[in-house]
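Visitor: Take this structure, written in structure tokens, and hold onto it; I'll ask about it next.
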Amino acid sequence: MERHPVHGLVTVAQHIIEQQRNHPTATGQFSWLLSGITLATKIIESYVRRAGITNVLGETGESNVQGELVQKLDMIANETIVRCLGYRGNIGILVSEEEDEPRIVKNSSGSGNYIVLFDPLDGSSNIDVNVSIGTIFSILHKREDVWPSDGPEKHVLQPGIRQLAAGYVVYGSSTVLAYTTGDGVHMFTLNPDIGAFVLHQESVRMPDVGKTYSINEAYRASFPKGIQDYLEWAKTDNYSQRYIGSLVADFHRTLLRGGVFLYPPTKKSPEGKLRLLYEANPMAFLAEQAGGAATDGQHRIMEKNPQHMHERTPLIIGSKSEVERVHEFLEKG
Ligand code: AHM
Ligand code: MG
């Protein structure tokens, strides 16, 4: 793997500002917005680290728009992000996995131009058992061809290729942030002693091959035939299997080590389980920026035109040649 070691101490805030220097028209608004996200994730991480001793584990007793039980930490993470971003005057719309409708941010200028879409705490089933979970985000501009009477959802329904930035934070054995603004993927580790995300790898490249597949194989019987055939083949070719059950953590490993993550359509989730706008799109942007690929089994994820805010999609993401291999099986199947 090609690595770019970093000397000296560069925080994520500094890095974003330096990246902006490459864009002469940048106003600094964008770095202000991203610093709101990093602040929120530091607060979330402090809840996650102390979860067992601060009565934040377990369910709230409510279900979200997806019909899934909401964990207390899901709710805390959502509120934290809304609180941290709601005061950045340049954000117009927030879209969260946990909320049915887009949230219009009311601010003094009333003219926020950015849309932030996020999954506040991904990997819900792992929250209570101290396994890696994460936050995912994607940033868009509001559309110019939308009338106020069209409502906010129309602004939000844009293909992933329009993303201005995307990233995630994985709350794992250490807390790592990865982001892209279309100029490579950069990775930071939270140094808890100074409370800052510190750069540890610039321009991360995903290995082009990697003999690891990551899938919930318990659903195998209802996978498309091509996926079943691929899994059979991978076993005969000495692949390993790794599956954490938090997209953020499974993707993070795939980004660093190579391989392929798959969440195909199943009987239970015929459209796939993962959400296009705030799970698949940001991960696809990161994957492509690192030299990898992301599809739904037929189309490039980032070219899909979303019809609904909480739309789901099948996802095949990872090293380029591994994704291509899965496609070969899908075409034969
Ligand atoms: P969540 O956003 O409610 O946590 O659900 C998404 C998660 C992903 O992190 C993970 O890849 C997937 O669900 C795991 O699903 P399954 O338990 O069906 O394997
Ligand atoms: Mg999720």
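Visitor: Taking amide hydrogens as modeled 1.01 Å from N in the peptide plane, which residues meet the under 5 Å criterion relative to Val70, leaving out close sequence neighbours?
Guide: Amide H neighbours of Val70, under 5 Å, 5+ apart: Thr60, Gly61, Glu62, Ser63, Asn64.
Visitor: Across region 153-168, in residue order, what do the Karplus-derived ³J(HN,Hα) couplings come to in whole Hz, using 6.51 cos²θ - 1.76 cosθ + 1.60 with θ = phi - 60° and x for Gly and Pro?
Guide: Values, residue by residue: 4, 4, 5, 7, 7, 10, x, x, 5, 8, 4, 8, 7, 7, x, 8 Hz.
Visitor: Among bridges DSSP assigns within region 6-201, what percent are antiparallel (round to 5)?
Guide: Roughly 90 percent of the beta bridges in region 6-201 run antiparallel, per DSSP.
Visitor: Mind counting lysine pairs for me in the chain? Cα separation below 23 Å, and the two need to be 8 or more apart along the chain or on different chains.
Guide: Value for the chain: 27.
Visitor: For the chain, how big is the tail of P(r) above 27 Å, as a whole percent of Cα pairs? Present the calculation step by step, with values, prior to reporting the outcome.
Guide: Values: 23396 of 55278 pairs.
The calculated P(r) of the chain puts 42 percent of pairs beyond 27 Å.
Visitor: Size of region 6-201 along its principal axes in angstrom, Cα-based, largest extent first?
Guide: Reported extents, whole Å, longest axis first: 47, 46, 30.
Visitor: Let me ask something additional. Check which residues have an amide H placed less than 5 Å from Gly134's amide H, if you skip close sequence neighbours.
Guide: Asp122, Tyr171
Visitor: Let me ask something else about it. Express the carbon and sulfur contribution to the solvent-accessible surface of the chain as a percent, rounded to the nearest whole number, probe 1.4 angstrom.
Guide: Percent of accessible area from carbon and sulfur atoms in the chain: 48.
Visitor: Here's something else I'd like to know. Just order 131-144, 291-304 by mean Cβ neighbour count inside 10 Å, highest at the front, would you?
Guide: Values: 131-144: 21.6, 291-304: 19.9.
Highest-to-lowest ranking by the protection proxy: 131-144, 291-304.
Visitor: Residues with beta-carbon under 15 Å from that of Thr181, excluding Thr181: net charge, scoring Lys, Arg +1 and Asp, Glu -1? Mind showing how you got there, number by number?
Guide: On the way: positive: Arg21, Arg162; negative: Glu18, Asp183, Glu202, Glu288.
Summing Lys and Arg as +1 and Asp and Glu as -1 gives -2.
Visitor: Oh, and also: When Lys and Arg each count +1 and Asp and Glu each count -1, what net charge do the other residues less than 14 Å away from Leu274, Cβ to Cβ, add up to?
Guide: -4
Visitor: Over 25 Å apart: what share of the alpha carbon pairs of region 212-332 falls there, rounded to a whole percent? Provide the component values of the computation, followed by the final result.
Guide: Details: 945 of 7260 pairs.
Of all Cα-Cα distances in region 212-332, 13 percent exceed 25 Å.
Visitor: Next question, about the same structure. Determine Rg/Rh for region 112-225; Rg is computed over alpha-carbon atoms and Rh is the Kirkwood hydrodynamic estimate from the same atoms.
Guide: Numbers: Rg = 18.0 Å, Rh = 17.2 Å.
We get a ratio of 1.04 for region 112-225.
Visitor: Given the DSSP H assignment, sum -39500 (n - 2.57) over each helix run of at least 4 residues in the chain and divide by its residue total; what's the result at 222 nm in deg cm²/dmol, nearest 500?
Guide: That calculation yields -9000 deg cm²/dmol at 222 nm.
Visitor: Where does the charge balance sit around Gln158 when Lys and Arg score +1, Asp and Glu -1, over other residues with C-beta under 10 Å from its C-beta?
Guide: +4
Visitor: Moving on. Leaving out ligands and nucleic acids, note down the accessible area per residue over the chain with a 1.4 angstrom probe, in whole Å².
Guide: Heavy-atom SASA per residue in the chain reads 45 Å².
Visitor: For the chain, what is the relative contact order in percent, using Cα pairs closer than 8 Å and at least 6 residues apart in sequence?
Guide: 16
The values are calculated or read from the model by the stated rules, or taken from the named source; none is laboratory data. These numbers were taken from a predicted model, which means no experiment stands behind them. Counting neighbours? That spans all protein chains shown, and the Cβs are built from the backbone with ideal geometry, glycine included. Note: accessible area is taken over every heavy atom of the protein model, side chains too, but ligands, DNA and RNA are not part of it. Shrake-Rupley method; radii C 1.70, N 1.55, O 1.52, S 1.80 Å.
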